[in-house]
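The values are calculated or read from the model by the stated rules, or taken from the named source; none is laboratory data. As the structure is a computational prediction, the values presented were derived from the model and not from experiment. Backbone-built Cβ (ideal geometry, glycine too); neighbour counts: all protein chains shown. Each accessible area value is taken on the protein alone, full model and side chains, heavy atoms only, with ligands, DNA and RNA left out. Shrake-Rupley method; radii C 1.70, N 1.55, O 1.52, S 1.80 Å.
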Amino acid sequence: MIFGATGDLAKRKLFPSLYRLYQEGRLSERFAVIGVARRPLSNEEFQKNVKDSVLTALGEAGDISEFITHFYYHSHDVTDSSSYLSLKEMAQKLDTQYSLAGNRVFYLAMAPEFFGTIAEHLKMDGLTDVHGFKRLVIEKPFGHDLESAKQLNKQIRKAFSEDEIYRIDHYLGKEMVQNIEVIRFANAIFEPLWNNRYISNIQVTSSEVLGVEERGRYYETSGALRDMVQNHMLQMVALLAMEPPIRLTTDEIRSEKVKVLRAMRSFDGDMVNEFFIRGQYDKGVMDNEEVPAYREEPMVDPASNTETFVAGKLLIDNFRWAGVPFYIRTGKRMKTKSTKIVIQFKDIPMNLYYKPEQTLNPNLLVIHIQPEEGITLYLNAKKTGQHMNATPIKLNFSNKGVHGINTPEAYEKLLFDCMRGDATNFTHWDEVALSWSFVDKISEVWENTKAQNFPNYKSGTMGPKEADQLLEKDGFFWWPVT
Ligand code: NAD
């Protein structure tokens with residue numbers, strides 16, 4: 001059941017992902033999808049919507065006619081108690097028709113204020129009363145702060161146990177985010193160096209070129225800290241910093257990630273502005289076009305204090321990472337759209353190739369998450385010619401180059417994981433709670449002290465100068481790697 005089946009997420013991601021799974025033979029013939037949304041639609045109209053969205057997303061839809069016959073529609077206001085009973089009847093009928101053995105996945109692709117209500121109704125009206133498995137997939141944001149997240153968790157836990165809850169963080173479905181653990185734990189050359197003796201700092205950047213677009217109303221209550229740092233950025237840091245799990249099971253991996261979040265130093269009061277930088281975009285020129293400032297966007301307060309950019313320095317106080325800064329940075333209307341991780345290794349003890357005009361670059365391992373997917377290792381090698389000069393070289397692995405096809409969309413992988421009952425790439429409640437308690441202390445300071453310098457970065461740049469100074473103070477800079 002997809003709640004919010006006429007929405008943007010369902011159209012752009014969920015239907016095309018289901019279709020791909022179907023094409024690859026990963027969905028059995030015995031499946032049915034009930035789309036739930038407010039608008040009245042017939043099954044045929046809904047099936048046409050599904051077909052159109054697959055065509056728009058994938059550009060082709062060969063054998064789609066059989067696929068769409070599996071889609072049914074239920075017009076339903078999720079706040080109206082009475083319509084859950086007819087939804088239940090429909091589900092029972094389809095269960096028999098397709099011999100589904102009572103296995104159900106409920107996907108909440110709706111505005112977060114409905115998450116708790118829907119979960120409560122599913123239980124109360126008997127939709128979760130099944131012989132097979134029942135799973136709840138829940139979109140972000142999971143709460144607005146720790147308190148509201150706890151409240152939401154309490155509501156959904158009335159109907160589903162922790163291991164039946166699949167909290168989506170779509171970054172965890174990305175090929176190269178999943179690759180972090182393989183690069184680390186399957187290579188003898190990295191894991192021995194993966195600590196404070198050999199790594200000087202780690203930089204995680206997730207930059208967008210788009211502005212807030214039509215999402216002004218939501219974004220005003222969120223900002224970059226809640227929208228990106230609490231979930232995606234901290235999840236990437238946890239994967240980079242965790243200890244090797246004893247096994248690759250859901251519980252073991254999650255428990256190692258939780259330990260990282262517990263070891264993360266928390267900042268409050270004056271320390272917040274020392275370790276974290278906030279920014280808001282001003283107008284600027286991008287792609288030869290003038291774009292408006294955040295405060296001029298629709299549904300945005302003209303004196304808004306909401307941050308569209310965050311940079312921060314994280315410290316993980318454990319044996320492996322003591323003294324190694326993890327710098328994170330994310331924002332809208334930045335120069336490029338890119339998510340990357342740069343691991344900067346320490347300098348060698350003595351540089352035999354020193355020349356006043358040329359210093360040796362440190363070794364860098366770059367993990368390209370999106371839009372390119374791959375790994376680059378920066379080394380120093382001999383410059384061709386008579387002298388023994390060193391010059392930087394790049395070893396490149398590009399995912400697309402090797403496989404020649406697009407890698408599976410994150411949602412496709414996550415939907416498949418959920419159907420198989422593998423929750424490894426979804427966030428556990430303990431991770432959500434720890435991330436919120438870290439982020440809440442920062443929001444508290446920022447909400448109580450209005451930013452005097454907003455807007456403080458031009459659209460089309462890499463953020464405010466304070467974000468550069470954050471690293472300069474430590475003798476580093478953001479690597480402009482490609
Ligand atoms: P949307 O506004 O496009 O769609 C909302 C859907 O909910 C529509 O189908 C609408 O009919 C339905 N709906 C609204 N009120 C209803 C009610 N009372 N009863 C029944 N149905 C109702 O939203 P969206 O962009 O698809 O986002 C859905 C969720 O996914 C949100 O939690 C969002 O944060 C999350 N999300 C979306 C994206 C994206 O790319 N769109 C990305 C990440 C996360």
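Scanning the range 2-50 for residues that are outside any strand (DSSP E or B), open to solvent by less than 20 Å² (accessible area, probe 1.4 Å) and within 16 Å of the ligand (Cβ to nearest atom) yields a count of 10.
Scan the range 61-76 residue by residue and report those that are out of contact with any strand residue (DSSP E or B) (no Cβ under 9 Å at 6 or more places or on another chain) and open to solvent by less than 60 Å² (accessible area, probe 1.4 Å).
The first filter runs over the range 61-76 and keeps only residues out of contact with any strand residue (DSSP E or B) (no Cβ under 9 Å at 6 or more places or on another chain), leaving 61-69.
Of everything in the range 61-76, those that are out of contact with any strand residue (DSSP E or B) (no Cβ under 9 Å at 6 or more places or on another chain) and open to solvent by less than 60 Å² (accessible area, probe 1.4 Å) turn out to be 61, 64, 67, 68.
Is there a residue being assigned to a loop (DSSP other than H, G, I, E, B), modelled with pLDDT of 95 or more and open to solvent by 10 Å² or more (accessible area, probe 1.4 Å) anywhere in the range 350-359? The answer is no, given that none of the residues of the range 350-359 is assigned to a loop (DSSP other than H, G, I, E, B), modelled with pLDDT of 95 or more and open to solvent by 10 Å² or more (accessible area, probe 1.4 Å).
Inclusion of residue 58 among residues that are open to solvent by less than 30 Å² (accessible area, probe 1.4 Å), away from the ligand (no atom under 16 Å from the Cβ) and either basic (Lys, Arg) or under 28 Å from the mean Cα position of the chain (by Cα) (or both) is not warranted. Scanning the range 25-50 for residues that are within 26 Å of the chain's Cα centre (by Cα), of a type outside the set (Val, Ile, Thr) and over 21 Å from residue 103 (Cα atoms) yields one hit, 37.
Looking only at residues in the range 117-132 that are among the small types (Gly, Ala, Ser) and over 20 Å from residue 10 (Cβ atoms), which one is most open to solvent (accessible area, probe 1.4 Å)? I'd like the intermediate steps shown before the answer.
Taking the range 117-132 first, the residues among the small types (Gly, Ala, Ser) are 119, 126, 132.
Filter once more, so that each one left must be over 20 Å from residue 10 (Cβ atoms): 126, 132.
Values: 126: 12, 132: 29 Å².
Among those residues, the one meeting the criterion is 132.
Is it the case that residue 100 is surrounded by 18 or more Cβ atoms within 10 Å (Cβ to Cβ), at pLDDT 95 or above and more than 16 Å from the ligand (Cβ to nearest atom)? Yes, satisfied.
Screening residue 102 on (1) under 26 Å from the mean Cα position of the chain (by Cα); (2) on the phi > 0 side of the Ramachandran plot shows it passes everything except condition (1). Identification of helices (runs of 4 or more DSSP H) wholly contained in the range 73-184 with 1 or more residues that are in contact with a His (Cβ under 8 Å, 6 or more places away or on another chain) yields 83-97. In this structure, residue 53 does not satisfy being among the small types (Gly, Ala, Ser), open to solvent by 40 Å² or more (accessible area, probe 1.4 Å) and within 16 Å of the ligand (Cβ to nearest atom).
Please determine whether any residue of the range 378-390 is under 24 Å from the mean Cα position of the chain (by Cα) and more than 26 Å from residue 475 (Cβ to Cβ).
Among the residues of the range 378-390, not one is under 24 Å from the mean Cα position of the chain (by Cα) and more than 26 Å from residue 475 (Cβ to Cβ), which makes the answer no.
The strands (runs of 3 or more DSSP E) found entirely in the range 283-349 that carry 2 or more residues being open to solvent by less than 10 Å² (accessible area, probe 1.4 Å) are 309-314, 326-331, 338-345.
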